[in-house]
Amino acid sequence: MSAAEERPAAPRDWASIAQKVGTPIASVVLAILIGSLIMWISGYDPVAAFAALYQGAFGTPKAFGDTLLKSTPLILAGLGLAYGFRANLFNIGAEGQLFMGGLAAAWLGLMLAGQPWFVSLPLLILAAMLAGAAWAFIPAILKARIGAHEVITTMMFTYIARYLVSWLVVGPLKSPGQIPQTGLLPVESQLPRIQSLFSEATLQAMPFLKLGRAHTGIFVALIAAVIVWLVLKYTTLGYENRAVGYNPFAAETGGISVQWTTVKALCISGALAGLAGAVEVMGVHHRLFDQFSSGFGFTGIAVALLAKNHPIAVVPAALLFGALSAGGGTMQLMADVPQKIILIVQALVIFFVAAEGIITYFIKQRQKEVTSHAG
Amino acid sequence: MPLLELREITKAFPGVLANDRVSMRLERGEIVALLGENGAGKSTLMNVAYGLLTADSGEIRVDDQPVKIKSPRQAIDLGIGMVHQHFMLVEPLTVTENIVLGREPGRYGIIDFATARQRVREISERYGLKVDPDAKIMDLSVGMQQRVEILKALYQGARVLILDEPTAVLTPQEVTELFRVVRSLVDEGLSAVFITHKLEEVVAIADRILVMRDGAVVGETTPGDTDEIGLARMMVGRDVVLRIEKGASTCGEAVLTVADVHVLDDRSLEAVKGISFSVCGGEILAIAGVDGNGQRELVESIVGLRRPSSGTITLKDKDITRANARASIEAGVSHIPEDRHRRGLVLEFDLAENIILGDHRTPPAAKNGIMHPKAIAELARKRIADYDIRTPSEHVHADNLSGGNQQKVVVAREIGRDPDLLVAAQPTRGLDVGAIEFVHKQIIRERDAGKAVLLVSLELEEVLSLADRILVIYEGQIVKEFVDADADAETLGYYMTGGGGSKFASDGSNVQAIETPPTGGNE
Ligand SMILES: Nc1ncnc2c1ncn2[C@@H]1O[C@H](COP(=O)(O)OP(=O)(O)OP(=O)(O)O)[C@@H](O)[C@H]1O
Ligand SMILES: [Mg+2]
C-alpha cells in the first residue's frame, strides 16, 4: 500500500544508537582534550599525566582493583539517580540516603554479630535499602502531596543524615578509643575482597585476579544494574515510571497515578543510594565514620548524566569516574600534576554532557531536528 | 518568476521515503494548497523549505537563485516564514515581546520597546491582524495566538508564509477570519502555502492545489477544475464518502448519566454550571459548543481527570463521580483527548508502548507486573493494520509519526479497547478524509454494537453527520437540545454563540421544544 510497507523496516536504526553513544563519548574526549590544554597552559605535561593516570587506574591488576573499588558505589548511586531521572525526578540528595544506608548496614552488622554470613549479608543489604528508601520517602510524600521540590527537600535531608551520622559516631555508636567511628563489623557482615575468594595457587597461576582491595560489592552493583534495566524495560512499574517522566499528563490520562509513581520512584532511587552506602561500609571500611563516602551520591549525578540514564550504561560511566579517582593519586605522584586537575576533568565531562547541544553541534554541523510535528 | 521553488526534493527517514523527488513552485501573490493523506509527506516538504529538515537531495530556489536553507534562521532571512500547528510562543511574555524575540530593535542589548510596539502595531494594522500588543500570550485564545505567529513571521519580513494545518484548532469563525487575513496578505504581494485536510477550505482559499501521496506529487489542479469529491479521489485514490450514512439509533438502557454536575476549571472558576444529561447504549450524543464553554472540564470530570465540585456521574449503575482515570478506564470508559500531544501520547514512547497506555497492567500487555513485549508488539501490529496507521514498524517513536498517524494511534487504542462508553473529543483532528471516513464508521459501529458515545467536537460537520442527539453548551450550561434531523449548521451556530440566551432548564423536561432562531434556521 504505502511506500513505507515495501521497504524493510529498519530494525533499530543504528544511526540513532550511534548518536546516543557518540555524544557521551565525545563529551569525554573533549573533556580530556581541554583538560590537557589546561595542564599544558599550567606548565604540566598532559601526555605524561594521562599516561600516569592510566597506569594508576588500569596499569596493574591492583590498580584496576582500585578502579573497581571506587566504581562500585558510583554504579549504585548512578543507578539510583538514573531511575529517578527516568521519572523526571532529580534526587540530588542521594548522598543523604547513601549515609542512611551505610548507617543501617553498620548498625545491623554490629547487632548481628555471631550470625552466619548467609543470614547477615542479605539482611544488611535489605536494611540499607529500606533505610535509603525511608530517607527518600518523606521528600517523596512532600513532592506528591504539596509539590515541594525534591531538589530542595532531598538536599535538606542530606544534611540531616550527615549530621546524624557524625553525632552517632562520636556518641551512641562510638567504639572505645580516640577515633570517632563505630567498631569493626564482624567478618560475616563484611563483603569479602575478590582475591580472597581464590586460593593462593590460583592467584599465582592467574595474577590478573590479584585485584587488591576490590571487593565483591561490585557484583552486587552489576546485578543491580541488570535488575534496574529489566525493571525499566519489562515491568509495569518501569513503564509507568518512564511514562510519568516523559509526559505526566498523558500518563495521568492513561490511568497512571503521577503522585504514587513519584513516591515509588524516589523511594527506589533512595534504596539504590542506600545500597551504595552499604557496600562502601561492608566492602571497604568495615565500619562507619563520618567521612566514609567521598561524595559518591553527588558523583552519581554525573554518572547518570553521562550514562543518559540508561542502567547498563551506568556501569561504564561509573568505571570512568572510578578510574579518574583511582588514577588521580598516581598522576600526582608520577607526573607531579595536582590531583585537583582531575576534578577539572570531571567537571568538564559533566559540562559537556549537560551541554549536549554543543556536542551535537560538534558531531554534525547541522541543526538538531527539532521538528515538532505540525499536523 | 517563482518566488519559491523546490526541485526534486528527496528526504528519507529510517524505513520511509517521506519525499521522493518532489517539486513545487510558488508564484508571487499565490496561495498553493498542499493536500494529501496522513503521512504523505506534506509537513516534511515544508520543514525542508523552512530549514527544520535538510533534504537528502534536491534544490531550493528563491527568486530563481539556488539557496541552501539549513536552519529556520536562514529561511527567515530569505523571507520564508512558517506557522506550525503547535505554536512556539513564550507563554508568559507579551505579544510584542514574542514578536520581536530574536530581532529586538535597539542597541547595546537594550530593547527599544516603544519602537517595537510601534512596528508591531503598523504591521497589524496594515494586514488587518488586530491584536493587543501588550496582552500576555497565555491569556489569548488559540486563534489569537495563531495571529501572533503570523504577525511574527511578517515582522521578520516573510514573503512566503507556510501554514501547516492552521485551521485544525480553530473555530469556524476563526477560520473565516484567518482566510480574510491570508487573502489580504496575498493582495499585498505575499504568497502562502496552506496545508489542510479540509477540502472545503482548499476549494475556498487556494489558487492552485497540489496533491501528494506516498511522498510524491500525484496531481495538480485548481478549485475551478474540481470539487471536494474529486479532490478526495485524487488524494486517496478511491471514492470517499464525505458524509456517512447511518441507520436509526436504538436507544438501550442509560450508560452514562450526568446529574447536575458543577466543575471548576484550573483557575477555580466554575466552568460547568449544573449540567444534566444521559447517554444511552446505542446512541451518539454530541456536545457542540465554541471552545472554552466548559466542554473540556465536563469531559475531564467524566473520564476521571477532574473531580466535579458537586453533582453525580453514573456509568450504568456505578457511581463514578469520584473515580480517578484508572478506575474510569477499568469501569469501561475510553477517552480520546482533544490534544494528542498533551494528553493522548507519550511522544518519547514507541508506537507499541503508546498502544497499550491505559491497558498496560492487564493481559495481553502484562500480567502480575511483568510486561509481554511480544504480545504488545502483536497487538500494535494488529492496530496498525486495522486502523491503517502509516509507519515502517511498531517500534517507531510516536514523535516520528506524521500528525494524522499520531491521532490514529490514539483513536485505535481507545476504540480498540471496546469500551462501554467512548468519550471522543475532536476524534478526527488532523485526519485526512479517508481516515475520517474510517473513524466515523468505527464510531458508528460502536454505537450499533450498543455502546454509548459522547462526542465533543468543534467541527459542525462532524457533529451533524454523526450525532443522534446534540446538546449545545454555552457558558457552562446546556442551552439547547436537538434530536438528529432537527439541526443544521446555522441553527447550531446560532445557539453555540449564545443566541438562545444562557438559560435553559437542564432537567430534560422541555428538551424536545425547539425554538426557531430568527434567521435562516430552516430551509
Ligand atoms: N523525524 C522523523 N523521523 C522519522 N520519520 C519521520 C519523521 N518525520 C516524518 N517521518 C515520516 O515521514 C512520513 C511523512 O510524514 P509527514 O509528517 O511529512 O506527513 P504529512 O503529510 O504531514 O501527514 P499528516 O497529514 O498526518 O500530518 C511519515 O511516514 C512519517 O512517519
Ligand atoms: Mg503533517
- Query: Do the conditions hold for B:Ser268, that is, is it on the phi > 0 side of the Ramachandran plot and outside the structural domain of B:Ser43 (by TED's automatic domain parsing)?
  - Reply: yes
- Provide a single number: the residues in region B:20-42 that are open to solvent by 20 Å² or more (accessible area, probe 1.4 Å), within 12 Å of ligand 1 (Cβ to nearest atom) and not charged (D, E, K, R). 1
- Task: Please verify whether region A:173-182 includes one or more residues that are out of contact with any Cys (no Cβ under 6 Å at 6 or more places or on another chain), open to solvent by 30 Å² or more (accessible area, probe 1.4 Å) and at pLDDT 90 or above.
- Result: no
- Matching helices (runs of 4 or more DSSP H) fully within region A:231-282 where at least 1 residues are among the charged types (D, E, K, R) and within 9 Å of chain B (Cβ to nearest Cβ): A:236-246, A:248-253
- Task: Working only within region B:1-16, note down all residues that are crowded, with 20+ Cβ neighbours inside 10 Å, within 16 Å of ligand 2 (Cβ to nearest atom) and within 13 Å of chain A (Cβ to nearest Cβ).
- Result: B:Lys11, B:Val16
- Just for region B:176-195: of the residues that are within 16 Å of ligand 1 (Cβ to nearest atom) and among the aliphatic types (A, V, I, L, M), which one is nearest to the chain's Cα centre (by Cα)? B:Ile195
- Query: Just checking, how many residues over region B:54-94 are in a loop (DSSP other than H, G, I, E, B), away from chain A (no Cβ under 13 Å) and closer than 14 Å to B:Arg7 by Cα?
  - Reply: 2
- Extreme residue, farthest from B:Arg445 (Cα to Cα), among residues of region B:277-331 that are open to solvent by 40 Å² or more (accessible area, probe 1.4 Å) and within 14 Å of chain A (Cβ to nearest Cβ): B:Arg307
- Query: Within region B:96-108, can one find any residue that is surrounded by fewer than 15 Cβ atoms within 10 Å (Cβ to Cβ) and either within 16 Å of ligand 1 (Cβ to nearest atom) or assigned by TED's automatic domain parsing to the domain that holds B:Glu394 (or both)?
  - Reply: no
- Note on the structure: Being open to solvent by 10 Å² or more (accessible area, probe 1.4 Å), within 30 Å of A:Ala128 (Cβ to Cβ) and not β-branched (Val, Ile, Thr) narrows A:Phe64, A:Phe50, A:Phe99 down to just A:Phe64
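One line per residue, one yes/no per condition, for (1) assigned to a loop (DSSP other than H, G, I, E, B); (2) touching a residue at least 12 places away in the same chain (Cβ under 8 Å); (3) more than 16 Å from ligand 1 (Cβ to nearest atom):
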residue	(1), (2), (3)
B:Asp359	yes, yes, yes
B:Thr362	yes, no, yes
B:Ala375	no, yes, yes
B:Leu379	no, yes, yes
B:Asp388	yes, yes, no
B:Thr391	yes, yes, no
B:Glu394	yes, yes, no
B:Asp399	no, yes, no
- Does region B:277-333 hold any residues that are within 24 Å of B:Gly358 (Cα to Cα), touching a Leu at 6+ places or on another chain (Cβ under 7 Å) and of a type in the set (Gly, Ala, Ser), and which are they? B:Ala325, B:Ala331, B:Gly332
- Item | Condition met for A:Ala144 (in a helix (DSSP H, G or I), open to solvent by 10 Å² or more (accessible area, probe 1.4 Å) and either touching an Asp or Glu at 6+ places or on another chain (Cβ under 7 Å) or not β-branched (Val, Ile, Thr) (or both)) | yes
- Of all residues in region B:402-425, count the ones that are within 15 Å of ligand 1 (Cβ to nearest atom) and farther than 19 Å from B:Glu378 by Cα. 4
- Item | Members of region B:456-476 that are surrounded by fewer than 19 Cβ atoms within 10 Å (Cβ to Cβ) and farther than 18 Å from B:Val241 by Cβ | B:Glu475
- Query: Does B:Arg381 satisfy being of a type in the set (Lys, Arg) and either under 30 Å from B:Gln295 (Cβ atoms) or in the same structural domain as B:Gly450 (by TED's automatic domain parsing) (or both)?
  - Reply: no
- Filter region B:337-375 for residues that are more than 10 Å from every other protein chain (Cβ to nearest Cβ) and aliphatic (A, V, I, L, M); the one that is surrounded by the most Cβ atoms within 10 Å (Cβ to Cβ) is B:Ile355
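The values are calculated or read from the model by the stated rules, or taken from the named source; none is laboratory data. On a predicted model such as this, the values are computed, not experimentally measured, just so you know. Reconstructed Cβ throughout: ideal geometry from the backbone, glycine too, with neighbour counts over all protein chains shown. We work out accessible area using only protein heavy atoms, side chains counted, and drop any ligands, DNA or RNA first. Shrake-Rupley method; radii C 1.70, N 1.55, O 1.52, S 1.80 Å.
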